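Take a look at the structure below.
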Amino acid sequence: MVLYSPIDLIPLFHYSNEWRFPSPLGERKVTIIFPNQSIEDKLGRTVFLRPFEKDDFTALSKMYDEFEPKGKAMGLPPDQGVNRHRWITGIVEEWFNIVALSEDRIIGHAALDRPVSGKSREFMIFVHQDYQNRGIGQAMTFSMLDAAKVLDCERVWVVVENLNRIAITVFRKAGFCFASEPDVERLMVATP
C-alpha cells in the first residue's frame, strides 16, 4: 500500500474501511487496516473493538436510542428518533467508524471524518452510559488516533463541553490539548 497525501478522502463505498482520493497519477485507494482488538475494561470484562460493518446499523441505532442523556454533547445524539437516524446514517456513510462490543452488544462508537481541507480530521466518540468510566473510551480514542496516522493526518480535533470532565480526562490522556479559550464548549487538538 502506497500512502499519498489523502486530502479530500471520500468513501470508496458505504460502510468501508477503504478510502479513495484523487492524485496527479489518478485515483488512489488507501485501506485502513484496523485489526479487531480485545481489551479488558476496569471491571475485568472483555470488550471488542472493530470496524463498523453494514450489519451493525440496527445495533448501533439501538445504542443511541438507549443513550442518555440525549443531546448532552452539543445536541448529540439528537433526541428525536428521525433526526437521530439521519445523523447516524450520515456518520456511518461518510466517516471512518469503529464500534465497541460487550457480549455482542454495541456499547461504544467512535468516528473520524474526512477532511474538508488540509490534513485535519474531526473526531467523535460516544460510550453507552452503563459502560462509561471503564477505560473503553480511552482505548477507542487511542485506536482512532492510530487510524489517523495511517491516513497521514497532521491533526485530529474534537469539541467538548467544558463541564464534561470525564471526556476531557480521556482526551488529555490520549494527547489532546486545549486549543481554545474556556467557554461552554472547547476545542481540543491532538497530533497523531
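Quick notes on this structure:
- Any pair with Cβ under 7 angstrom, 6 or more apart, that starts in the stretch 152-173 at a residue that is in contact (Cβ under 8 Å) with a residue 60 or more places away in the chain and ends at one that is surrounded by 15 or more Cβ atoms within 10 Å (Cβ to Cβ) and not in a strand (DSSP E or B): 152/6; 152/119; 160/167; 160/168; 160/171
- Qualifying residue in the stretch 67-87 (condition: modelled with pLDDT of 90 or more, within 15 Å of the chain's Cα centre (by Cα), surrounded by 13 or more Cβ atoms within 10 Å (Cβ to Cβ) and closer than 16 Å to residue 125 by Cβ): yes
This table checks each residue for (1) surrounded by fewer than 21 Cβ atoms within 10 Å (Cβ to Cβ); (2) within 19 Å of residue 40 (Cα to Cα).
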site: 114; (1), (2): yes, no
site: 122; (1), (2): yes, no
site: 132; (1), (2): yes, yes
site: 147; (1), (2): no, no
site: 150; (1), (2): yes, no
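- Within the stretch 105-121, being touching a residue at least 40 places away in the same chain (Cβ under 8 Å), assigned to a strand (DSSP E or B) and basic (Lys, Arg) holds for one residue alone: 105.
- Scanning the stretch 122-151 for residues being in contact (Cβ under 8 Å) with a residue 40 or more places away in the chain, over 14 Å from residue 95 (Cα atoms) and assigned to a strand (DSSP E or B) gives a total of 1.
- Taking residues in the stretch 75-104 that are assigned to a helix (DSSP H, G or I), and partners anywhere that are among the small types (Gly, Ala, Ser), the pairs with Cβ atoms closer than 7 Å and at least 6 places apart or on different chains are 85/61; 88/61; 91/111.
The values are calculated or read from the model by the stated rules, or taken from the named source; none is laboratory data. All values reported here derive from a predicted model rather than from experimental measurement. Note that each Cβ is placed from the backbone with ideal geometry, even for glycine, and that neighbours are counted across all protein chains shown.
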